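*Asks:* Handing you this structure, nothing more for now.
The values are calculated or read from the model by the stated rules, or taken from the named source; none is laboratory data. Fair warning: this is a prediction, and the values are worked out from it, not measured in the lab. Note that we place each Cβ from the backbone using ideal geometry, even for glycine, and neighbour counts take in every protein chain shown.
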Ligand code: GLN
């Protein structure tokens, strides 16, 4: 199993470190050839408007969209925005791979970055996890086939459909590898 980490922008290096910790093989993805070698993909945080421009110029937007119909993708923060079906403000083109409506930079300027405890329910167990939110989006609506997996107060902060897993926060910034482990298990089930 090889996990691709999209490495055209953002904090991809932190995802590499987590996968190293878990002993999972990974490669960086900057073009379609590299994407073809992967069984799953991680889209890191960054800046979604810049991301989509770079994806288009590398002709990776279509390729990732097709990839996501067949294989699992995990997106954190800007990665979640790219995978969503609709952005309700500061609109950007998205890949429409998970039926969620999101609002960018949704926590306001004063507190646009913070750390707080979140609750995740994974494999029927509810656990507390450190949620690192950096100019984070909020999930405003979820559509059919989307399952919430975690909350911060009343907001859904982790969700999935059959192939896609998205987080509004940055699990790659905490020492707990649980969310990545969950994704790897999802990949193994689909493989
Ligand atoms: N605010 C960024 C955006 O809208 C996302 C921030 C992040 O990925 N940490 O794209």
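*Asks:* Given the conditions (1) closer than 19 Å to residue 191 by Cβ; (2) buried (at least 19 other Cβ atoms within 10 Å of the Cβ); (3) in contact (Cβ under 8 Å) with a residue 60 or more places away in the chain, which single one is not true for residue 18?
*Replies:* So residue 18 meets the others, but not (1).
*Asks:* Within the stretch 42-80, can you find the residues that are free of Cβ contacts under 8 Å to residues at least 60 places away in the same chain, more than 8 Å from the ligand (Cβ to nearest atom) and either touching a strand residue (DSSP E or B) at 6+ places or on another chain (Cβ under 9 Å) or not in a helix (DSSP H, G or I) (or both)?
*Replies:* The answer is 43, 55, 58, 59, 60, 64, 67.
*Asks:* List the strands (runs of 3 or more DSSP E) that sit entirely inside the stretch 90-181 and contain at least 1 residues that are farther than 22 Å from residue 4 by Cβ.
*Replies:* Details: elements: 98-103, 113-122, 125-134, 138-142, 147-152, 155-160, 164-167.
Filter on the stretch 90-181 gives 98-103, 113-122, 125-134, 138-142, 147-152, 155-160.
*Asks:* Please go through the stretch 84-117 and pick out each residue that is within 12 Å of the ligand (Cβ to nearest atom) and touching a helix residue (DSSP H, G or I) at 6+ places or on another chain (Cβ under 7 Å).
*Replies:* 87, 92, 94, 102, 104
*Asks:* A further question on this structure: Could you please tell me which pairs satisfy a Cβ distance under 6 Å, a separation of 6+ or placement on different chains, a first residue in the stretch 87-105 that is in contact (Cβ under 8 Å) with a residue 60 or more places away in the chain and closer than 19 Å to residue 74 by Cβ, and a second residue that is part of a strand (DSSP E or B) and away from the ligand (no atom under 14 Å from the Cβ)?
*Replies:* Every condition considered, the pairs that remain are 97/164; 98/164; 99/85; 100/142.
*Asks:* Pick out the one residue from 129, 133 that is buried (at least 17 other Cβ atoms within 10 Å of the Cβ), modelled with pLDDT of 95 or more and under 18 Å from residue 182 (Cβ atoms).
*Replies:* Values: 133 fails: under 18 Å from residue 182 (Cβ atoms).
Result of the check over 129, 133: 129.
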